[in-house]
Amino acid sequence: MSGNATGAEAPTTEALDELRRALPTLRLLTDAADLEHYGRDWTRRWTPAPLAIALPANIEEVQAIARWANAHGIALVPSGGRTGLSGGAVAANGELVVSFERMNRVLDFNPVDRILTVQPGIALEAVHKAAAEHGLIYPVDFAARGSCSIGGNIATNAGGIRVIRYGNTREWIAGVKLVTASGDLLELNRGLIKNSSGYDLRQLVIGAEGTLGFVVEATLRLTDPPPASQVMLFAVPEMAALMRVFAACRASLNLSAFEFFTDRALHHVLAHGAQKPFDEASPYYVVSEFDAADEAQQQAALDVFERCLNEGVVNDGVLSQSDAQAAALWRLREGITESLSSHKPYKNDISVRISAVPAFLDEMSSLLTREYPHFDVVWFGHIGDGNLHINVLKPAELADADFVAQCERVTRLLSEVLARHGGSISAEHGIGLVKKSYLAGTRSAAEIELMRGVRRVFDPRGLMNPGKLFD
Ligand code: 2HG
Ligand code: ZN
């Protein structure tokens, strides 16, 4: 199509040329393959169509990009590892993608403050390694650790498999530097432990999905490594037993993870090469990890297992005897997402309070059985935090759009059940494009109006990741 046909192409081409002139060292990509690669995350519902991809090397370049975008009214989409599952990093409307891929270094470690300062494009796993070099840990962890970036973790307040002990990302962010829509640089909290000086803008930015500005540096709190641990896999005979096993584990063990999955999840992960844990199938499984540094703690785990067996809330169990065995048990849980990806799953990521889990599970399970009689529905997740993942697999013969439409109808019903149980439509993946039409089931109209107001103050023209979270 020629530039004259819509009248829209020429101004953006000129604007890009101006950006090139203003920042001659800025890396800019415009090849079709790059636009496609950087224009989307792990969701596959939208066709990427960004204007171009900028790969800044430093904060000054990000500031200059924001000023340029403001001058030309061009929207910006931040991009980290693009492992997001809510469309938060999708660029489908001629936006400039700002990839933090080149800003991926550790900048500083302070042993007295026990903080690590990093650039936003660093992978979570690289943060783990950097912390380990100093004999410490950054405790937020999940399966996408090798590819996801800290910037993305902050944008979604990522949770993962250790929340039960350590909390979500926001607990570990001691400070962020933020480039705002106007190109200003804010230093939020500066690593302080105590700072009672008004609104905590750092916390506002965490979980804002890039809509209040882009994080260009983060200061992460580190902590001591945990004692030696063991992993136990339980086979659980019925849904109602899951939270009874949790109560038994929590009462006697120092838990660092309590995760569950169903037989359908196990089926897919085994088909993907994992090792079968039990001869007999059970409808539910739990992976728990707990401190097992001495004989007393190890014995406590065996006692819990025995009690659960006697009470009939578990059928069977495996206790890891080595790191390799622990890793094999974890693979059964952590390999689920990958094992499902070829089935184009429709995903829910929902939460309720721990105390509400049993009643919510009952209602949710009747809803899903009734509404999805013919689909393969896979449940798993962080049940010890009240966070469940539901993946509905697309039958091969069904068109993508029809499948999504059917699942959206059920999500609306699910959102009503969640509202009745005081839950959230997004526990840890963010709202992005995927869940914005359900936000009103989780947040009140007054809250959403205030959020919009905050957004207007930070970004009056709505150029920072527009269309994500809300319109
Ligand atoms: C997990 O807990 C991730 O494994 C991904 O949050 C969940 O694929 C999903 O639905
Ligand atoms: Zn998860």
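Assuming Ala427 fulfils every condition listed in (1) within 16 Å of ligand 1 (Cβ to nearest atom); (2) under 13 Å from Gly210 (Cα atoms) apart from one, which condition is it? Result: Ala427 fails condition (2) only.
Taking each residue of segment 326-348 that is acidic (Asp, Glu) and looking for partners that are open to solvent by 20 Å² or more (accessible area, probe 1.4 Å) and not in a loop (DSSP other than H, G, I, E, B) with beta-carbon atoms closer than 8 Å, six or more apart or interchain, yields Glu334/Ala143; Glu338/Ala143. What is the residue count in segment 374-426 for residues that are among the acidic types (Asp, Glu) and surrounded by 15 or more Cβ atoms within 10 Å (Cβ to Cβ)? Looking only at that region, the number is 2. Considering only residues in segment 197-251 that are surrounded by 17 or more Cβ atoms within 10 Å (Cβ to Cβ) and of a type in the set (Ser, Thr, Tyr), the one that is farthest from Gln325 (Cα to Cα) turns out to be Thr211.
Somewhere in segment 260-270, is a residue within 30 Å of the chain's Cα centre (by Cα), farther than 29 Å from Gly167 by Cβ and of a type in the set (A, V, I, L, M)? Within segment 260-270, one or more residues are within 30 Å of the chain's Cα centre (by Cα), farther than 29 Å from Gly167 by Cβ and of a type in the set (A, V, I, L, M). Scanning segment 253-273 turns up at least one residue that is of a type outside the set (Val, Ile, Thr), open to solvent by 60 Å² or more (accessible area, probe 1.4 Å) and without any contact (Cβ under 8 Å) to a residue 12 or more places away in the chain.
The residue of segment 68-97 that is surrounded by the fewest Cβ atoms within 10 Å (Cβ to Cβ), among those that are under 23 Å from the mean Cα position of the chain (by Cα) and among the polar types (S, T, N, Q), is Thr83.
Per-residue answers, yes or no, for (1) open to solvent by 30 Å² or more (accessible area, probe 1.4 Å); (2) hydrophobic (A, V, I, L, M, F, W, C); (3) part of a loop (DSSP other than H, G, I, E, B):
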residue: Gly121; (1), (2), (3): no, no, yes
residue: Lys129; (1), (2), (3): yes, no, no
residue: Ala155; (1), (2), (3): no, yes, no
residue: Ala158; (1), (2), (3): no, yes, yes
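Just one of the listed residues (Gly441, Gly432) is out of contact with any strand residue (DSSP E or B) (no Cβ under 8 Å at 6 or more places or on another chain), open to solvent by less than 50 Å² (accessible area, probe 1.4 Å) and within 16 Å of ligand 1 (Cβ to nearest atom), and it is Gly432. The criterion of at least 2 residues that are closer than 23 Å to Leu469 by Cα is met, among helices (runs of 4 or more DSSP H) falling completely within segment 1-115, by 32-38, 59-72.
The values are calculated or read from the model by the stated rules, or taken from the named source; none is laboratory data. All values reported here derive from a predicted model rather than from experimental measurement. Cβ: placed from backbone, ideal geometry, glycine included. Neighbour counts: every protein chain shown. The protein model used for the area step is the full one, side chains on, heavy atoms only, and it has no ligands, DNA or RNA in it. Shrake-Rupley method; radii C 1.70, N 1.55, O 1.52, S 1.80 Å.
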